[in-house]
Amino acid sequence: MHPMLLGYNTNGMAHHDPLDAIQLLADTGYRAIGITIDHGWLSPRDAGSDLQLQQIKYALKEHQLTSVIETGARFLLDPRDKHEPTLLSQDTAQSTRRIDFLKYCIDVAAELDSRCVSIWSGITPAGCGTHDAMETLVRNLDPVLQHADDRAIDIGFEPEPGMLIDTTGRFERLLHLVDSPRLKMTMDIGHLYCMSEVPIAEYLERWQDRIINVHIEDMVSDRHEHLMFGDGQIHFPPVIETLHRIGYQEGIYVELSRHSHAADRIVPAAFSFLSPILEQVKQ
């Protein structure tokens, strides 16, 4: 069995040069990196992204880092609306921009030999009912999944608090409407906790065949705020033990997107917190 790999999402290193960030993570001991396509990180708007892609590909190989591609950058597609447009956007021209962006991310993942591309639904537009929103999501997911299949890349769909697909229960409804072996799950440990999908271990066991990507951070119940380990209410050893027991063999990615200003401290502190727990379960 391959060991679980400890990783870090670059949305928590927004003030670092990408090659410096890769070096820092490798030197700290991380074996995986969640690359959020963002301003400065392989942005499709950047004329130099092709060169940067080759530089990052070389750096990942040099440091032997596994990767996933994340798509939750803020203000990348719309400078006035944080995560818009989405797969739920009612204007076809707008939703097509998100579809094209996700296809680009899939192409990046194929070039970097990444394990998956992680995506989410988006917020239900004002005045749009759940049924119509779900129909829009299913329709717009289709070309994304087709492209993913063409490039042999899996999609890790993440239930996100506040969005149409906000829980694993809502994700299950989506699965009844979409038939694709490429549609897998990004499981965020903090999201389970804040959405009262507990005990966490039960949900990890229930979804073990679908999980391809795991985000980890601390959180308190009923509040979607990513916290440093120890600042919330989650007890982590049973979480890691369960992932080990179900045979999870992908990356566990620290996701602290609001801690970039302190990444010099948080990156090693998160590693120091989690790595002994991972070592313990391997014994």
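Coordinate-derived values only; no laboratory data. On a predicted model such as this, the values are computed, not experimentally measured, just so you know. Note: ideal-geometry Cβ built from the backbone for every residue, glycine included; neighbour counts use all protein chains shown.
Cβ-to-Cβ counts within 10 Å put MET13, MET219 in ascending order as MET219, MET13, the fewest first.
Normalising by the residue count of the stretch 5-282, find the relative contact order in percent from Cα pairs under 8 Å and 6+ residues apart. Kindly include the intermediate steps, with their values, before the conclusion.
Working: 485 pairs, mean separation 54.6, N = 278.
Relative contact order of the stretch 5-282: 20 percent.
Residue order for CYS194, CYS128, CYS116, fewest other beta carbons within 10 angstrom first, comes to CYS128, CYS194, CYS116. Close amide H contacts of VAL214 (hydrogens built in the peptide plane, cut-off under 5 Å, sequence separation of 5 or more or a different chain): MET187, GLY251, TYR253. Checking the cross-link pairs LYS103/LYS282; LYS61/LYS282; LYS184/LYS282 against a 29 Å limit on the alpha carbon distance flags LYS103/LYS282 as lying beyond it.
State whether the stretch 71-132 is rounded, prolate or oblate according to the following rule on the C-alpha gyration tensor (a ≥ b ≥ c being the square roots of its eigenvalues): a/c under 1.5 gives rounded; otherwise a/b larger than b/c gives prolate, and the remaining case gives oblate. Here the stretch 71-132 falls in the prolate category.
Compare the peptides 151-164, 92-105 by average per-residue count of other Cβ atoms within 10 angstrom and give them in order, highest first. Before the final figure, lay out each step's value.
Numbers: 151-164: 20.8, 92-105: 18.0.
Listed from highest to lowest mean packing, they are 151-164, 92-105.
Under a 5 Å amide H cut-off, with hydrogens placed 1.01 Å from N, LEU256 pairs with ASN9, GLY12 among residues at least 5 apart or on other chains.
Couplings for the stretch 211-227, taken from phi via the Karplus curve 6.51 cos²θ - 1.76 cosθ + 1.60 with θ = phi - 60°, read 6, 10, 8, 10, 9, 9, 6, 8, 6, 10, 5, 6, 9, 7, 9, 6, 10 Hz in order; Gly and Pro are left as x. Taken as Cα centroids, the stretch 50-73 and the stretch 140-206 sit 24 Å apart, rounded to the nearest whole angstrom.
Scan around ASP154 for amide H atoms under 5 Å from its own, H built in the peptide plane at 1.01 Å from N, and keep only partners 5 or more places away or cross-chain. Amide H to amide H, under 5 Å and 5 or more residues apart or across chains, ASP154 pairs with VAL117. What base-10 log of the normalised intensity I(q)/I(0) is obtained for the chain from the Debye formula, alpha carbons as equal point scatterers, at q = 0.08, 0.12 Å⁻¹? Log10 of I(q)/I(0), two decimals: -0.30, -0.71.
Across the stretch 104-112, rounded Karplus estimates of 3J(HN,Hα) from the backbone phi angles (6.51 cos²θ - 1.76 cosθ + 1.60, θ = phi - 60°) give 4, 4, 5, 5, 4, 4, 5, 5, 8 Hz, Gly and Pro being marked x. Each label point is 7 Å from the Cα along the Cα-to-Cβ direction; what then is the distance between the points at LEU51 and PHE236, in nm? About 3.9 nm, to one decimal. For the stretch 233-266 and the stretch 1-28, what is the separation of their Cα centres, given in Å? Each part reduced to its Cα centre gives a spacing of 13 Å. Model label points for SER260 and ARG31, set 7 angstrom from Cα along the Cα-to-Cβ axis, are 2.9 nm apart.
Please report the antiparallel percentage of DSSP beta bridges with both residues in the chain, rounded to the nearest 5.
Given both bridge residues lie in the chain, the antiparallel proportion sits at roughly 10 percent.
A straight chain from HIS224 to GLU205 at 0.36 nm per residue would run longer than the Cα-Cα distance by 4.5 nm. The helix-based estimate of mean residue ellipticity at 222 nm for the chain, built from -39,500 (n - 2.57) per DSSP H run of four or more residues and divided by its residue count, is -13500 deg cm²/dmol to the nearest 500.
Exposure proxy for HIS261, HIS215, HIS176: other Cβ atoms within 10 Å of each Cβ, ordered fewest to most, give HIS176, HIS261, HIS215.
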